[in-house]
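Each value in this text was obtained by applying a stated rule to the coordinates, not by laboratory testing. Bear in mind the structure is a predicted one, so any value in this text is a computation, not a measurement. All Cβ positions, glycine included, derive from the backbone under ideal geometry; neighbour counts span all protein chains shown.
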Amino acid sequence: MTEYTEAATVGIGIFGSGRIGQVHAANVALNPGSTLLWVCDPRLDAATELAQKYGARATDNPNDVLSDPAVQAVLVGSSTPTHMDLTVQSVRAGKRVLCEKPLDLELDVIDAARADAGPDIEHVMVGFNRRFDPNVAEVHRRVEAGEIGQLEQLTIISRDPTPPPGEYLAVSGGMFRDMTIHDFDMARFFLGEITSVYATGSALFSDDARAVGDVDSASLILTNAAGVQCQIINSRHCGYGYDQRLEAFGSLGSLRVGNQRDTTVVFDGASATDVKNPIQNFFLERYAAAYQIELQHFLTSIASGVAPSPSFEDGREAVVCALAAQRSLSEGRVVALSEFGL
Ligand SMILES: NC(=O)c1ccc[n+]([C@@H]2O[C@H](COP(=O)([O-])OP(=O)(O)OC[C@H]3O[C@@H](n4cnc5c(N)ncnc54)[C@H](O)[C@@H]3O)[C@@H](O)[C@H]2O)c1
């Protein structure tokens, strides 16, 4: 690992120049503690376009990034099936890694990567950005401080504005591993280890989801060892934008995170008194601050040598929850996570 001093900025390579790669590239360029050095993507034209925007170099060969001693850390924002291979190669090259969710769709691939990477896997961070949303973080801090007494129930509503295209759904691994994975991490963030999952769902409106045996609407109940429950409500569509709400209910009260708008201006008129602007449209807008704070946490963990959080293990456990949910949906029963060897 290249020595890092507080005065230096962290040299960064990004794998993937798609939607999330572009978010990370912009944030790396914005952060005085990091410098974008490389963008790597088999779509060299896309890598070049993104790299040029921030004065970085482009390549379609990961070795160019991994053999550059100025690269101290990489952000793996490529397509999901490439995550574990790029993570292991990067760890072996002595780089710190922030890997996007999900780590992989299959547990055996994740476990093989963990074994291949060795002890430095503890420095791999997983991109569960919602933990860094300032509102979610505040609710979490206040729950931990005991403000609502004993946490008894967590409710998460998470609805995307529109379903992804059919080609994406076909390789997504299903709603639970692709979309609900963020909510599983939220549940674990608040409740700690989950012991059982019950999931039910239907394909109500998406022919594409139906065609690949997936659901577009789901309700799940997760429980921890103490019996604290988390209810998750998901939909692949929502006519009023990206519906992201969370409520922590405890013995002394509740704390809620509501939807956000670009403006707090409220219209009052003769025919209506209401906010007329829709809620923020999708993750790029809603979690813009979260991605920036996530990156800062990653950079701080590199500078301090303290392992980042959420960790590789957090990424793995969220996938276990998703696999349990999939089994619950197909078998119509509560599934204990111990069935997956936990
Ligand atoms: N944390 C979040 O909020 C969030 C949001 C969106 C996507 N994601 C995750 O990020 C990943 C990418 O999603 P996206 O929406 O940006 O997809 P995308 O399809 O827009 O971009 C993926 C890019 O990765 C490139 N790629 C494929 N193989 C590669 C390889 N071996 N090396 C480098 N690049 C490679 C593709 O050519 C493409 O340009 C997915 O795993 C997704 O689940 C996370």
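How high is the relative contact order of segment 10-126? Use alpha-carbon pairs under 8 Å, at least six apart in sequence, and give a whole percent.
Numbers: 223 pairs, mean separation 27.2, N = 117.
Worked out over segment 10-126, it gives 23 percent.
Count the DSSP beta bridges whose two residues both fall in the chain, then state the antiparallel fraction as a percent rounded to the nearest 5.
On the way: 33 of 60 bridges.
Roughly 55 percent of the DSSP beta bridges within the chain come out antiparallel.
Among the trypsin sites (Lys or Arg not before Pro) found in segment 219-316, those both in a DSSP coil and sparsely packed, with 16 or fewer other Cβ atoms within 10 Å of their Cβ, are R261, K276. Computed from Cα positions, the angle between helix 180-191 and the longest principal axis of the chain comes to roughly 80 degrees. Under 19 Å from a label point 7 Å along Cα→Cβ of T200: give me every residue in segment 134-160 with its amide N that close. Zone members listed by number: 154-158. Note on D262 and C238: the extension gain reaches 6.9 nm, defined as 0.36 nm multiplied by sequence separation minus the Cα-Cα distance.
Note on Q150 and R43: the extension gain reaches 33.5 nm, defined as 0.36 nm multiplied by sequence separation minus the Cα-Cα distance. Seen against the Cα atoms of the chain and their longest principal axis, helix 44-53 is set at about 90 degrees. Here is the size of the chain from its Cα atoms: Rg then Dmax, 20.4, 67 Å.
Spatial offset of segment 212-236 relative to segment 67-108 amounts to 29 Å, using the alpha carbon center of each. Take every pair of alpha-carbon atoms less than 8 Å apart whose residues are at least six positions apart; their mean separation over the length of segment 183-257 yields a relative contact order of 23 percent.
Residue separation times 0.36 nm, minus the C-alpha to C-alpha distance between D64 and A137: what's the value?
On the way: separation 73, 0.36 × 73 = 26.28 nm, distance 3.70 nm.
Stretched fully, the D64-A137 segment lengthens by 22.6 nm.
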